[in-house]
1. Taking all protein chains as present, what is the carbon and sulfur share of the accessible area of region 203-272, in % to the nearest whole number, probe 1.4 Å?
2. Based only on the alpha carbon positions, what is the Kirkwood hydrodynamic radius of region 199-261, in angstrom?
3. Rounded to the nearest 500, what is the chain's calculated 222 nm mean residue ellipticity when only DSSP H runs of at least 4 contribute -39500 (n - 2.57) each, over all residues?
4. Provide the convex hull volume over Cα atoms per residue for region 200-350, in Å³.
5. Using alpha carbons only, how many angstrom separate the centre of region 202-273 from the centre of region 321-361?
6. So if we plug the beta-carbon distance of GLU402 and GLN161 into 1/(1 + (r/R0)^6) with R0 = 45 Å, what FRET efficiency do we get, rounded to 0.05?
7. How far is helix 390-399 tilted off the main Cα axis of the chain, in degrees rounded to 10, range 0 to 90?
8. For SER68 and ARG204 in one chain, what is 0.36 nm times their gap in residues minus the Cα-Cα distance, to one decimal in nm?
Amino acid sequence: MAKYVLRETALTLLTRIGEQGGFSHVLLDQEINKQQLSRQDGGLLTEIVYGTLQRRDLIDYQIQPFISKQKKIKPWVKWLLYMSVYQMEFLERVPDHAVIHEAVEISKKRGHKGISSFVNGVLRNVQRKGLRSTDEITDPLERMAVETSHPKWLVERWVAQYGIDVTRDMCEANNHHLPMSVRVQPLQISREEAMNTLMEDGFRVEESIFSTQGFIVLEGQILKHPLFTQGKLTVQDQSSMLVAEMMDLEPGQRVLDACSAPGGKTTHIAEKMQDKGEVTAYDLHEKKAKLVTKKAEQLQLTSITATKADSRKLQDIHDQETFDRILLDAPCSGLGVLRGKPDIKYHKNEEDIFSLRKIQDELLEHVAPLLKAGGKMVYSTCTVDRHENEEAVQQFLTNHPEFEIDPTFEEELPKELQGSIGKSEYGLQLFPQEWDTDGFFLVRMVKKG
């Protein structure tokens, strides 16, 4: 693909994501597949789109002196400037003159001469004078918010919960690439065999400490490898792999996955049970429930039944004390997955956290009675916020004295994680900077008796 066309595609995606609220990871995947982009072109497109989104607020602050006289800037022009400055400042392999030339050509095609002159002038000024320093910002939290392109309310919230050092490290980690990790289907292939095969094919891989089935792909195009296309591997973040590992699963059990789509944890549960037993999976939307079924078919697993249902109403479907194990991977603010979905931080607000917490409380209340006495329930989220995590667990335990944190939860964590900075009496908070994963929370509770 010509670089000019590639950057036009990047601009279209950025304008749509930034102005209309489209999901970056979904739109990127669709565009890469639609245009059948090569690995190199797909990588550059992803880098420009994700990088620009990750650094949006910093770039906006830095270019303000060069655009302040312009009364109104069309959204696509603003995003063209953002993506151009991102390439000039953060992509060393792209020469400034090439970035400026292509930006001007795109502006000529999309607008009029005045717009192309404006774009050229701003980018030439950036090249000649350099960018504005954040040292001008006297408020340290505001400066951190701008430098890391996180909303100030979120920075303030995290500092209040975790302190300034953890927050700064987390914000910086959110602007860096997330390594791809995969999980073997152990009924098809062992981790050792899969890793050896990939290394023979020129891949660089490394074992994960989170799961005996997981490893990290440091180099190589895994999605096109036969091990992936044949259903012997599936992509899953390491933090998510920890869920099934911590559910204390055995063949023959009846397991409920209350919020299951897209099916990564559901299929991992079935694998840990050697595909023997019953895994009953639900999702609020039929289309998403079908994704779970498709995932199970791809991995050749037969113990999973995925259905559309509101898990706050499962007592209308199942008797109390039906399941040996329950997973509630609750809907959440998603503030732990900003490395792969950077647009989330611009679309969420503090009120979202409180409204989602109400749903989390309702889900806990309604699925808990379905667990057998002596059974175990894992509560997990892909967010980094105490209100959705530790505080939700604390309130649930206060309201349900028949439950307690499983006394063996901590000691059964992988040894490396037992000393994690996010460990508390109510669970384990994983921070993205600590293990180079998504931000994630989980805890295992047991129903007494």
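The values are calculated or read from the model by the stated rules, or taken from the named source; none is laboratory data. Worth saying up front: this structure is predicted, and the values here are computed from it rather than measured. Glycine gets a Cβ as well: all are built from the backbone with ideal geometry, and neighbour counts include every protein chain shown. Quick note on the areas: whole protein, heavy atoms, side chains included, nothing else; ligands and nucleic acids left out. Shrake-Rupley method; radii C 1.70, N 1.55, O 1.52, S 1.80 Å.
1. 47
2. One decimal place: 13.7 Å for the Kirkwood radius.
3. So the calculated ellipticity at 222 nm is -14500 deg cm²/dmol.
4. Working: hull volume 21.0 nm³, N = 151.
In region 200-350, the Cα hull volume divided by residue count equals 139 Å³.
5. 21
6. Step by step, r from the Cβ atoms, then E = 0.95.
7. So the inclination is approximately 30 degrees.
8. Details: separation 136, 0.36 × 136 = 48.96 nm, distance 4.75 nm.
Here the segment from SER68 to ARG204 would lengthen by 44.2 nm.
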